[in-house]
Structure formats: C-alpha cells, structure tokens
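So the structure is just underneath, and the comments pick up after that.
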Amino acid sequence: MRQEWLPAEHGTDNRNLRRRVERGLIWAIADSWGRQLLALAVFIVIARLVSQADVGLVALAAVFVTFAQIFVDQGLSDALVQRRALSRAHIDTAFWISMGVSIVLAAAGVLLAIPISTLVGEPQLQPILQVLSISFVLTALSSVQMALLRRELAFRSLALRTLLATVGGGVVGIALALLGYGAWALVGQALAQSLFSVAALWRVSPWRPGLSVSGQHFRELFAFSRNVVASDVVGFLSRNTDNFLIGAFIGTAPLGIYAVGYRILDATSAVLLGMTRRIGFPALSRLQHDRPRMQRAFYRLSRMSGVIIIPGYVGMALVAQELVVVLFGQRWQSSGPVAAVLFLAGPVIGLQSVFVALLNAAGQPGVVFRLRLISTIGNVIGFVIAVAIFFDILAVAAAFVLRAYLVMPLYFFWGRRHAGVSAREFILQLRGIIGATAAMSLVVLAVKHTLGATLGPATLLAVEVLAGAITFALALLFLERPLVSELRETAGNALPGAGRARRRLRRGAGAQTRLDDVLLAGDDDV
C-alpha cells in the first residue's frame, strides 16, 4: 500500500532551516532569473516577428484572464504555505475547490468573451479570450502542487519545472510567430507553457489528490486566504488598470509600446525580487512564533535583497533606452522612455515586497490587503488623470511611479505596528547600498553624456553596464565591507556541496550544531 505523504509541520525542523534555505537559494535564483531571462528572450524574438497591435491585443486579453486567475486559486496556495500544520483534508479541499472554480470560470470565459470584445471595441479579442480560458483549469492543476513544494522549500524541483515549461512554451510561441500567426503566437506560448508546467509539477510532487474534502478545513484555510484574495484583486486593479485604459481609450498599438516597456520591468522585477518573494515568505513564516528572531530575519533579508534591488532598478532606468533598441530593434524605441520611467518605481516596490513577506508571515494578510487597496486607489486615480488629461502613455507610467513613493510611509507604519520593525533601522541597513548606487549612477550618466553621441546603442550599453557594475562593487566594498563578506559567505553556502563540506569541518572540530542556526535569523554571532 502506498504510504501517504504529508508536509512537515512548521517549526519541527528549525535546526536545518538555514542549511535548507541556503541550498535552495541558488535554485530560487535559477528559477526566477532563468525563467524570466528565457521568457524575455522568447518575448523579444516574438515581438520582432509580430506587430505592435498584436502585442497590445494579447496584453488587453491578459487583463481579463489575469483577473479571473485570482479566483481559481483564491489564495488557498498561500494558506497552505503559511499554515503551521496541514492535514490531508486541508490539501484535498484546496485542490478540489480550485478545480471546481476553474471549470466554472472557463465556461464563463467562453460565454463572456463576446460582450467583453464588444465593450472594448476589439472584435479580434473574442476568440483569444475564449482560447485563453483553458488556462484556468491548468492553473488549478498546478497551484496546490506548487504550494506544497514552496512550503517544503523544494526550490530545485520548482526551478527545473519552471525552466522546462518556459523552454517548451517558447518553442511553441516562436514556431507560431515564424508561421505568421501574429497574436496567436503569444497565446500558444502561454498555453503551452502552462501545460508543460502542469506535467512537470505532477512529475516531481509526491502528493496526489484524494477525496478528503471538508467544509471545516476550507473555512480554516479561507480565514487566511480571503485576505490574500482581496489583496490580489486590488493588486490586479493596481497593475492592470493602466493596460485597460490605454487599450480601450488610446489604442492597442500604443498599448503594445507600453506593454513592451512594462514587460521589461516585469522581467527585471522577477529577477531582482525572485529571491525575496520565493524565500522570504516561507522562511519568515517558520519564525512567526519567535518575533525577535523574525525581526532580525527581516533586517537581514532587507540587506540581502536591497543589494540587488536598489542598484538593479536604478541601473536599468539609466540604460533603458539603449536596452530596448538593442533587444527589440529600432521600431520599438518608443518603449525606451516608458521603461525608464517605470524602472524609477522599482527600488520602492522591491523594498515593499520585503514588508509584504513579513506581514504575511506574521499572519497579517488583512494589513497587506489594506496596503494594496490604498495603492490601487492611488494608481487608478493617477491612471485616469493621465489618460483623460494627457492622453499619453508616458504620463501613465509617471503616475505609477508617483504612487509607489507616496505609499511607502504606510509600509513603515504597519511594519512597526504588527511586526515591531523600525523604519529607522530598516533605512540604516540600506545606507551603504544607497551610497554605492549613487556613485554608480554618476558614473553611468557621465559615460552616457561623453560617449552617447559617438557609440552605437549596443556598445554604449556594454560600456555603461561595465562601468556601473565596477563602480557599484568598489563603492560597496568601501562603504559596506561587512555586507560584502556576508554576501560572499551566503553565496558560498548556497553552492552545491558546501553544506557537506561545512559539516565535515564542524565534525572535525567537535563543534555542535546550534538549534538557532537558521538562515535569516540575523543573529550577529551565527
């Protein structure tokens, strides 16, 4: 008889948490970076083969599809990750609820595609929406499996599955684009990627659905997940109102230009924030019972994330124009200024994601919902003003950036109130990184000013990136030598085989493994 598999209870394996997260770090980075770089490469190839209107049409369809996807999962996957102890009934209930909702939404998507396409004045949108409705069922088939792997910090399995799915979807999308299918190349890529992802997840996950469905267990999960759903809804409105307004009132071709700029931001965000989003929440959740350690974990996570987030986004804003021309070609150069403006919001959005991980891990999804609601209201107001008064995609991007900075004080306030973290301490953790980023920016701007008229886009981009990276590294070494040492140690621990070598050294020295030896614990003496 097959032995039933259940995930371990949070807190039962804290002794090995540091080692597990450090091992998973390299795979989490491979997952985020590899997937996004591959996906961006595929998108670049397809964008060179299709029109701006084709890209805008699929971007408009994605607004409606992405909204429906929220209700497929209903936040139940995050509830499975966060909950300290899980039973078979919790997991089965989450799976079958998601499956039932996905089938209903798929049928609704087919029926509602006609009035939606009429509403926005795009008849070509109807068949695209109908076909993309298949993705709801594919999402339901993968959400619980993915949540269980996240809970177990099985980042290697997740990374391999993601890379396989991205490559498979990319092959399908590029083939369709070469055959002249236009917007359908992007549709085919999305569906093929989801299908490959489901197949890979079911291959690596030990869990299989049973029939232990219970209303009581759903209510226990939904007590947490309802706030996640509410947060996801307002987050969706915050991120997609601009696409809807541009597509419906300015046109699909301008939306295509805006979508390319936003796509670069999305890909960069996944690369720069991947470690925080994938490791931060599950790791901090395991420390939720010990607030002082969770606070120290938060500050350390802030440092580790900030050294990537702050210079990454600022650097991308500085080189966005050259980057767009090099990657997408001259006909997409109008996307450069859009991307440059959007990237200016990146440092704040990235640091806000650290607070979101903290608040969710502390069992405060309601606070995250309020933060996202306020952000959404600010975004919607700004987007409406930008479209109604300026009728310009650059103004829409500027409204997005302004809102991001205006809400940051609220993250400080609620972080202190519900998790006891200090805004002053948070900023002090980042002061050296900010100083190194400022030095990098001055050097890149100097290179652009002196060489911009004489070098081609590709050469100028290479010189800017090289000069900026060297300047940041040297400045960080001067301003934050302890942080550099910490990064070097963490990177070494994340390498395959490092854990075994360290344990052999410890055994040889007669050292005892401490119970509080936990990655992100943040103890200075760990």
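Here is how the numbers come out for the structure above:
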| item | result |
| --- | --- |
| Candidates LEU342, LEU371, LEU402, filtered to the one that is within 22 Å of VAL444 (Cα to Cα) and part of a helix (DSSP H, G or I) | LEU342 |
| Any chance LEU255 is in contact with a Gly (Cβ under 6 Å, 6 or more places away or on another chain), crowded, with 23+ Cβ neighbours inside 10 Å and not polar (S, T, N, Q) | yes |
| Residues of segment 397-426 classified as over 21 Å from VAL368 (Cβ atoms) and out of contact with any helix residue (DSSP H, G or I) (no Cβ under 7 Å at 6 or more places or on another chain), total | 1 |
| Given (1) at pLDDT below 90; (2) under 27 Å from GLY188 (Cα atoms), number of the condition GLY56 does not satisfy | (1) |
| Selection from segment 341-379 of residues that are among the β-branched types (Val, Ile, Thr) and over 28 Å from ALA395 (Cβ atoms) | VAL354, VAL367, VAL368 |
| Of all residues making up segment 211-223, the number that are of a type outside the set (S, T, N, Q) and surrounded by 14 or more Cβ atoms within 10 Å (Cβ to Cβ) | 6 |
| Filter result (aliphatic (A, V, I, L, M), over 15 Å from GLY329 (Cα atoms) and out of contact with any Gly (no Cβ under 8 Å at 6 or more places or on another chain)) within segment 258-269 | ALA267 |
| Qualifying positions in segment 299-318 - touching a residue at least 60 places away in the same chain (Cβ under 8 Å) and among the hydrophobic types (A, V, I, L, M, F, W, C) | LEU301, MET304, VAL307, ILE310, VAL314, LEU318 |
| Residue in segment 409-426 that is of a type in the set (Ser, Thr, Tyr) and within 29 Å of GLY256 (Cβ to Cβ) present | no |
| Per-region count, segment 296-352, residues crowded, with 24+ Cβ neighbours inside 10 Å, of a type in the set (A, V, I, L, M, F, W, C) and within 16 Å of GLY256 (Cβ to Cβ) | 4 |
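The values are calculated or read from the model by the stated rules, or taken from the named source; none is laboratory data. Since the structure is predicted, the reported quantities are computational estimates derived from the model, not experimental observations. No Cβ is skipped: glycine too gets one built from the backbone with ideal geometry, and neighbour counts run over all protein chains shown.
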